[in-house]
Amino acid sequence: MATAADVAAFRSSQTDVVTLALAELVSWWEQLLSLLTGDVPVAEMESFTADLVATYGDAAALAAADWYDELRLAADVPGRFRARMADPPPEGQAAAVARWAVGPLFGGQPDPQQALANLSGGVQRLVLQPGRQTIADSVDLDPADARWARVPSGATTCAFCRLLASRGAVYHSEEDAGGLANSYHSKCDCVPTPVWPGQPEPYDVDALLEEYSAARGKAGGDPKAILAQMREDLGIN
């Protein structure tokens with residue numbers, strides 16, 4: 001079964017991939033701005049972003065597939081299966097992120113630092129996307145009735161992620177997840193983690209469920225109201 005240490009080690013490996021991607025992004029960005037004399041080359045930014053997240057997204061997906069296979073072997077579940085690597089984000093998705101991110105470059109007072117911050121957050125999320133999707137897709141295809149849990153990690157976890165994590169290892173297909181479980185915000189540290197029958201989750205699900213239940217008891221059944229109550233109760237975003 002996956003342990004908290006396993007999750008932390010995998011998260012560290014994914015963080016290393018993101019760090020390399022962001023270092024390349026910053027180097028390219030600084031060179032681009034130093035040569036910029038006219039209109040902002042949005043098409044070039046779109047193309048670079050798509051290529052960048054495809055390259056490093058493949059690395060994230062490969063690491064996720066290896067991790068899945070290692071955990072499955074250690075779990076000694078029946079049947080033969082190898083994790084399936086997910087594809088990189090579509091070029092159109094990367095291009096849309098780039099167009100949004102560079103918005104601060106336009107207008108009366110261009111703000112290159114804010115544009116870079118926007119783009120860095122988008123790149124981080126897109127680079128991690130194939131790794132996360134690799135886990136979800138592999139769970140869906142695994143004949144050993146695997147599920148996955150959204151495991152919180154890092155210094156802080158937002159209310160939205162805590163709510164999803166409070167469900168434990170229940171996620172299988174996108175239909176089971178209701179679409180929300182596969183949503184990740186920029187700088188999100190959550191790790192989708194495979195769990196096979198009879199295994200516990202590698203984090204305290206009960207504590208998170210208590211937080212959710214307490215908020216629901218005060219706010220009622222509306223998800224937005226529950227999230228707002230969790231933010232108030234826990235003093236988090």
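The values are calculated or read from the model by the stated rules, or taken from the named source; none is laboratory data. The shown structure was predicted, so the numbers you read here are calculated from the model rather than taken from an experiment. A quick note on method: Cβ atoms are made from the backbone with ideal geometry, for glycine too, and the neighbour counts reach across all protein chains shown.
Number of residues in the stretch 161-170 that are within 17 Å of G221 (Cβ to Cβ) and not hydroxyl-bearing (S, T, Y) equals 3.
Exactly one residue among A215, A149, A165 is in contact with a Gly (Cβ under 9 Å, 6 or more places away or on another chain), among the aliphatic types (A, V, I, L, M) and buried (at least 22 other Cβ atoms within 10 Å of the Cβ), and that residue is A149. For the stretch 216-237, the set of residues classified as more than 9 Å from A159 (Cα to Cα) and outside any helix (DSSP H, G or I) consists of G220, G221, D222, G235, listed by residue number. Among residues that are at pLDDT 95 or above and either part of a helix (DSSP H, G or I) or closer than 30 Å to T19 by Cβ (or both), S138 is included. Scanning the stretch 204-218 for residues that are in contact with a helix residue (DSSP H, G or I) (Cβ under 6 Å, 6 or more places away or on another chain) and without any contact (Cβ under 8 Å) to a residue 24 or more places away in the chain returns A215, R216, K218.
Selection within the stretch 145-199: residues that are closer than 19 Å to V127 by Cα, part of a loop (DSSP other than H, G, I, E, B) and polar (S, T, N, Q). The member of this set that is modelled with the lowest pLDDT is N182. Q109 meets the conditions (1) touching a strand residue (DSSP E or B) at 6+ places or on another chain (Cβ under 6 Å); (2) without any contact (Cβ under 8 Å) to a residue 12 or more places away in the chain in every case but one. The failed one is (1). Take the stretch 85-109 and flag every residue that is crowded, with 16+ Cβ neighbours inside 10 Å and either part of a loop (DSSP other than H, G, I, E, B) or more than 22 Å from the chain's Cα centre (by Cα) (or both). Scanning the stretch 85-109 gives M85, A86, P88, P89, V102, P104, L105. If the condition is being part of a helix (DSSP H, G or I) and of a type in the set (D, E, K, R), then the stretch 8-43 contributes R11, D16, E24, E30. The set of residues from the stretch 114-145 being out of contact with any His (no Cβ under 8 Å at 6 or more places or on another chain) and among the hydrophobic types (A, V, I, L, M, F, W, C) comprises A115, L116, A117, L119, V123, L126, V127, L128, I135, A136, L141, A144. For the stretch 44-84, the candidate set comprises residues that are of a type in the set (D, E) and part of a helix (DSSP H, G or I); within that set, the residue that is modelled with the lowest pLDDT is E44.
Filtered by the rule that a residue be within 12 Å of C188 (Cα to Cα), under 13 Å from the mean Cα position of the chain (by Cα) and of a type in the set (A, V, I, L, M, F, W, C), the stretch 135-157 gives a lone residue, V151.
Residues in the stretch 45-63 include at least one that is among the hydrophobic types (A, V, I, L, M, F, W, C), over 18 Å from the mean Cα position of the chain (by Cα) and surrounded by 14 or more Cβ atoms within 10 Å (Cβ to Cβ). The set of residues in the stretch 86-96 that are more than 13 Å from S47 (Cβ to Cβ), in contact (Cβ under 8 Å) with a residue 24 or more places away in the chain and out of contact with any Leu (no Cβ under 6 Å at 6 or more places or on another chain) comprises A86, D87, P88, Q93.
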